Amino acid sequence: MNEDIHSISLLIVMVWPLLLAIPAVRSRLPWPGHLAIMPAAVRVILPGDSSFELSWLFFGTEFAIDGEVRWILAMTVAVWLLAATAAKSSKSDPTYDRTTTFFLLTLAGNVGVVLATDLVGFFSFSTLMGYSFYGLMIHGGNAEVQRAGRLYLIFLIVADLVLFEALLLAASTTEDLRYKVVRQAMVGTSSTQFYLWMALVGFVFKAGIWPAQLWLSSAFKSVPFSRALLLGGVPVSMGLLGMVRWLPFGEHAFYVFGMVIQMIGVASILYGALRFFTNATMKMLPAWSIITVTGFFMATLGTGLVYPALWSQYEYLTHPFIASLGIFLAALTFTIGRLQDTRPHPAFASRKVEDLSLWVGKWIGAIRRSSKDRLFGLQSLWRGSWLKVKEQPQRILDWGKPAVLVGGWSAAITMFVLLGLMLAWLAR
Amino acid sequence: MNWNAWIPLLVVASSLLPGLVIFSLAEERVRLRSTLNLAGALVKLALVGWMLWGVYHGRHYETRLALLPDLELVLRAGPLSLLFVTLSSVLWLVTTVYAIGYLEGSPHRSRFFGFFSLCVSATVGVALSGNLISFLLFYELLTLSTYPLIVHRGTEVARRAGHSYLVYTIFGGALLLLGTVWLYTLTGTLEFTPQGFLNSLGEEHHPALIVIFALMIAGLGVKAALVPLHGWLPQAMVAPAPVSALLHAVAVVKAGVFGIVRVVYEVFGVSFAAELGVTGPLAWLAATTIIYGSLRALFQDDLKRRLAFCTVSQLSYIVLGVAIAGPIATIGGVVHLVHQGLMKIALFFCAGNLAETLGIHKVSEMNGVGRRMPWTMAAFTIGAFGMMGAPPIAGFISKWYLGLGALEAGQEWVILVLAGSSLLNAAYFLPILHRAWFQEPPETWPEERKFGRKETAWALLLPPVITALMALGAGMLASAPFSPLGWAQLIAQREFYQP
């Protein structure tokens with residue numbers, strides 16, 4: 001009986017936001033965003049693991065909650081409650097109905113991703129989440145938001161295609177597509193390498209991890225903070241979660257693959273840190289933080305693939321880490337958004353960042369001078385970018401204005417990091 | 001009296017007889033005409049439901065009528081034929097409701113609905129044919145009954161499209177006839193047989209069989225819109241929306257693709273066809289058509305023309321599934337026969353609604369149309385995502401089995417084709433959805449008709465919404481008994497695993 005109640009409660013967690021997404025159902029309800037997440041909040045608090053199977057859905061699928069999933073679901077509840085609170089639109093707003101529909105569809109997809117126990121369920125709800133989030137992101141936005149949306153959509157489509165290929169490879173290897181079975185089955189088969197790379201590329205794109213961070217930084221730059229606070233908790237966290245669930249951690253040592261992930265991690269850390277020092281508008285702070293922190297996470301994942309025993313020892317930390325990351329980033333974005341709303345020109349907040357920015361600039365300049373001959377091709381690119389930054393220092397610190405870093409500067413940093421990676425590879 | 005022997009014939013007659021009566025009705029007899037149409041569709045559906053239940057429980061339904069010495073008109077209900085008959089019957093009912101709403105007040109409705117019923121009778125005949133000669137007969141009847149529907153508007157463009165359709169399909173029919181006659185001289189039988197009836201022929205006949213296969217595929221490929229025989233299909237989109245729906249989802253193109261399925265499975269047998277080496281080129285032809293159709297769709301501003309090229313591309317998924325020549329790919333190909341029908345008919349209904357209600361014919365005119373017609377565009381969105389292969393819509397199930405089938409058969413290149421096609425599908429459908437949902441609507445629409453508080457007439461709104469929900473249901477409930485997927489698995493099992 002108790003088990004039945006738990007299973008039904010899990011079903012409600014998933015179905016309730018979907019039902020509320022229909023405008024006619026929620027028309028008389030106040031705060032549908034808050035209400036939609038309530039069953040999930042209750043399920044987080046209720047003790048005990050539970051699951052329910054829907055044999056008629058897709059090819060037969062199962063949803064479950066256990067200790068690990070509870071972390072992620074708790075994060076989901078926190079992030080969505082924050083987002084529902086930050087959303088300012090009211091019923092008198094002409095865009096209210098459509099925004100709320102996209103909001104609730106994204107939420108339903110997000111909850112489904114968290115509770116899915118197999119690859120097909122994860123993929124399906126992630127598709128719902130991804131495309132609905134596109135609608136939520138760009139709805140009512142200006143040209144800059146639309147551009148960010150387009151970038152996000154391109155990365156999303158490619159990620160979905162690549163993940164579909166990985167899914168097919170997994171399904172052709174094992175009929176049982178539950179995470180644990182797939183992780184064990186995808187070791188030592190002829191399609192293992194292909195599966196690993198497809199899954200990696202797919203989730204790197206989905207989560208906006210370097211070098212696919214372009215959509216993420218664009219989104220932070222342009223999307224209103226009430227929606228931007230979902231970026232860390234929804235696409236990024238779910239991308240990281242996907243990686244943990246799909247890749248065969250702790251099963252076998254994948255040296256080359258693991259090292260590539262480590263390198264991506266290190267590159268992300270460097271890239272995020274450099275961008276933080278050189279483009280430190282407060283609005284972009286969460287973006288560079290995400291890139292840096294996901295870099296640390298990727299480096300850890302890479303290490304886990306190289307040393308499976310180490311992974312088995314510390315695996316239990318991954319879900320709390322993803323949960324903390326999502327909550328931290330949502331809270332950071334929320335706080336910055338609130339500050340921005342209340343203090344339009346808080347010069348004090350960027351002072352320290354300005355000093356660091358100049359220091360890093362000088363440092364890069366010194367490197368440039370010392371490597372004048374060897375890095376001749378990069379020299380003009382850096383110089384041009386740096387001159388632009390030097391000419392307009394005050395714009396870097398402007399609140400509310402679009403972020404100013406020029407495309408060339410971004411390219412230079414990327415090339416610099418790639419160069420470092422290449423050197424590290426050669427030095428092995 | 002054995003009723004089971006008459007049911008297939010009654011299924012054909014259930015639309016043929018009302019059709020013949022409708023021809024004689026005066027234009028103003030709207031109620032009687034609608035009643036005859038709907039009653040015919042409902043009777044057909046009931047009979048098909050009866051046969052579905054019977055075949056599932058192992059019963060046989062077969063009608064045999066003497067046609068020529070040694071040749072019989074055979075109508076037989078097997079799993080494969082019932083899949084197509086069910087699709088046609090269900091969609092005919094929905095299309096009839098839509099056509100009644102769409103053509104309200106327009107001239108020549110008796111003529112239209114008369115040929116409409118003949119067209120469906122021919123399609124059901126094609127589906128139930130138990131041998132090649134019966135198939136050929138109904139196939140040609142389908143050509144002739146569709147022509148008046150394409151030229152129905154009577155404009156110069158419509159006449160040209162009709163002319164093009166006739167030239168292509170008569171040429172295709174001639175090739176098919178040639179292949180059929182040649183085959184009959186070699187085998188002395190044309191009876192459709194599970195796993196084919198040609199594998200007993202000696203090796204000395206193999207070159208001839210390869211040529212016969214090519215002739216038949218070319219003949220059927222015209223209606224199946226295989227590149228380079230697809231030219232008539234984008235032109236035929238000038239026809240009224242219910243005819244487009246009929247052409248693209250229920251009848252004509254499906255008859256071509258269904259013919260290819262039958263020739264490969266029940267004339268040659270998939271193993272024998274693979275042994276002859278004809279399935280490989282067929283797979284490449286299908287792959288080329290998939291990519292070509294998608295690329296052409298990308299550059300069309302006319303909405304129906306974009307959908308027409310999408311049909312060219314999507315139909316070849318079915319051919320590809322057959323040509324991969326494995327049990328799982330067969331499931332993918334055969335189930336796509338139904339899935340493509342559901343999704344495409346929803347899309348054409350929506351296109352018709354936009355044209356009839358707001359005068360919108362071009363993609364570039366669709367800015368903000370989602371706000372004016374939310375239900376229509378919601379149905380369009382489901383259809384479009386289904387075409388892209390996004391879960392949980394029916395198209396995902398098709399692509400899933402096609403992809404798995406390709407991997408099973410060791411033809412990994414097919415995965416690239418599927419991925420490329422999905423990418424192109426996204427490239428030509430997502431801009432439409434973006435315009436419709438996220439762009440600001442214009443102050444006035446090209447030719448707006450008001451329907452009170454409703455976005456359009458009920459008869460126009462319900463069919464796209466119902467068919468879109470069916471496409472969603474076919475994907476989400478894929479594992480349920482009697483789902484299209486379950487039926488396709490039954491067909492594959494019979495083709496590959498029964499002795």
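The values are calculated or read from the model by the stated rules, or taken from the named source; none is laboratory data. Since the model is a prediction, treat every value here as computed from it, not as a measurement. Here Cβ is always computed from backbone atoms with ideal geometry, including for glycine, and neighbour counts include all displayed protein chains.
When residues in the stretch A:42-63 are screened for being within 13 Å of chain B (Cβ to nearest Cβ) and either touching a Pro at 6+ places or on another chain (Cβ under 8 Å) or of a type in the set (Gly, Ala, Ser) (or both), 4 of them pass.
Take the conditions touching a residue at least 12 places away in the same chain (Cβ under 8 Å), under 21 Å from the mean Cα position of the chain (by Cα) and assigned to a strand (DSSP E or B) and apply them to B:Leu75. Does it pass? Against the criterion (touching a residue at least 12 places away in the same chain (Cβ under 8 Å), under 21 Å from the mean Cα position of the chain (by Cα) and assigned to a strand (DSSP E or B)), B:Leu75 qualifies. Condition (residue is surrounded by fewer than 16 Cβ atoms within 10 Å (Cβ to Cβ), modelled with pLDDT of 90 or more and more than 14 Å from every other protein chain (Cβ to nearest Cβ)) applied to the stretch A:13-25: is it met by at least one residue? Yes, that holds for at least one residue.
For the condition in a helix (DSSP H, G or I), of a type in the set (S, T, N, Q) and within 16 Å of A:Thr106 (Cβ to Cβ), A:Ser172 does not qualify. Checked against the criterion of being closer than 19 Å to B:Tyr401 by Cα, at pLDDT 90 or above and hydrophobic (A, V, I, L, M, F, W, C), the candidates A:Leu200, A:Leu169 yield just one match: A:Leu169.
One residue stands out among those in the stretch B:1-22 that are of a type in the set (S, T, N, Q) and out of contact with any Asp or Glu (no Cβ under 8 Å at 6 or more places or on another chain): the one that is farthest from B:Trp53 (Cα to Cα), which is B:Ser15. Within the option set B:Leu342, B:Leu303, being buried (at least 24 other Cβ atoms within 10 Å of the Cβ), modelled with pLDDT of 90 or more, of a type outside the set (S, T, N, Q) and in contact with a strand residue (DSSP E or B) (Cβ under 9 Å, 6 or more places away or on another chain) holds for one residue only, B:Leu303. For the stretch A:88-97, indicate whether the set of residues that are in a helix (DSSP H, G or I) and under 25 Å from the mean Cα position of the chain (by Cα) is non-empty. No, the conditions are met nowhere in the stretch A:88-97. Selection of the stretch B:100-149 for residues being more than 30 Å from B:Pro69 (Cβ to Cβ) and outside any helix (DSSP H, G or I) yields B:Leu103, B:Glu104, B:Gly105, B:Ser106, B:Pro107, B:His108.
As a summary of the residue check, A:Ala143 satisfies the conditions (1) within 11 Å of chain B (Cβ to nearest Cβ); (2) at pLDDT below 90 except for the one numbered (1). A single entry from B:Gly359, B:Gly383 fulfils the requirement of being farther than 30 Å from B:Ala127 by Cβ and in contact (Cβ under 8 Å) with a residue 60 or more places away in the chain: B:Gly359. Applying the set (1) within 14 Å of chain B (Cβ to nearest Cβ); (2) surrounded by fewer than 20 Cβ atoms within 10 Å (Cβ to Cβ); (3) touching a His at 6+ places or on another chain (Cβ under 7 Å); (4) closer than 26 Å to A:Leu167 by Cβ to A:Glu68 leaves exactly one unmet item: (1). Just one of (1) free of Cβ contacts under 8 Å to residues at least 60 places away in the same chain; (2) outside any helix (DSSP H, G or I) fails for B:Arg153. It is (1). Do we have A:Tyr195 as in contact (Cβ under 8 Å) with a residue 12 or more places away in the chain, farther than 30 Å from A:Arg147 by Cβ, surrounded by fewer than 23 Cβ atoms within 10 Å (Cβ to Cβ) and within 23 Å of the chain's Cα centre (by Cα) here? So A:Tyr195 fails the test. Candidates in the stretch A:211-268 are the residues that are surrounded by 24 or more Cβ atoms within 10 Å (Cβ to Cβ) and in contact with a His (Cβ under 9 Å, 6 or more places away or on another chain); of these, the one that is nearest to A:Val201 (Cα to Cα) is A:Leu241. Among residues of the stretch B:162-189 being among the hydroxyl-bearing types (Ser, Thr, Tyr), part of a helix (DSSP H, G or I) and more than 19 Å from the chain's Cα centre (by Cα), the one that is farthest from B:Pro207 (Cα to Cα) is B:Ser164. There is at least one residue in the stretch A:94-113 that is farther than 23 Å from A:Ile327 by Cα and free of Cβ contacts under 8 Å to residues at least 40 places away in the same chain.
Residue by residue, here is whether (1) modelled with pLDDT of 90 or more; (2) within 22 Å of B:Leu320 (Cβ to Cβ) holds:
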{"site": "B:Pro228", "(1), (2)": "yes, yes"}
{"site": "B:Ala236", "(1), (2)": "no, no"}
{"site": "B:His248", "(1), (2)": "no, yes"}
{"site": "B:Ala255", "(1), (2)": "yes, yes"}
{"site": "B:Gly259", "(1), (2)": "yes, yes"}
{"site": "B:Arg262", "(1), (2)": "yes, yes"}
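Apart from one condition, B:Val222 fits all of (1) buried (at least 16 other Cβ atoms within 10 Å of the Cβ); (2) touching a residue at least 60 places away in the same chain (Cβ under 8 Å); the exception is (2).
A:Thr127 meets each of the listed conditions (1) farther than 24 Å from B:Asn367 by Cβ; (2) over 15 Å from the mean Cα position of the chain (by Cα); (3) within 11 Å of chain B (Cβ to nearest Cβ); (4) crowded, with 19+ Cβ neighbours inside 10 Å apart from (2).
Of all residues in the stretch B:404-424, those being farther than 14 Å from B:Ile290 by Cα and within 10 Å of another protein chain (Cβ to nearest Cβ) number 6. Would you confirm whether or not the stretch A:160-182 contains a residue that is at positive phi and more than 13 Å from chain B (Cβ to nearest Cβ)? Scanning the stretch A:160-182, I find no residue that is at positive phi and more than 13 Å from chain B (Cβ to nearest Cβ), so the answer is no. With respect to (1) within 25 Å of B:Tyr265 (Cβ to Cβ); (2) out of contact with any Asp or Glu (no Cβ under 8 Å at 6 or more places or on another chain), the lone exception for B:Thr330 is condition (2). Being touching an Asp or Glu at 6+ places or on another chain (Cβ under 9 Å), in a helix (DSSP H, G or I) and either on the phi > 0 side of the Ramachandran plot or not hydroxyl-bearing (Ser, Thr, Tyr) (or both) holds for only one residue in B:Ile360, B:Ile415, and it is B:Ile415.
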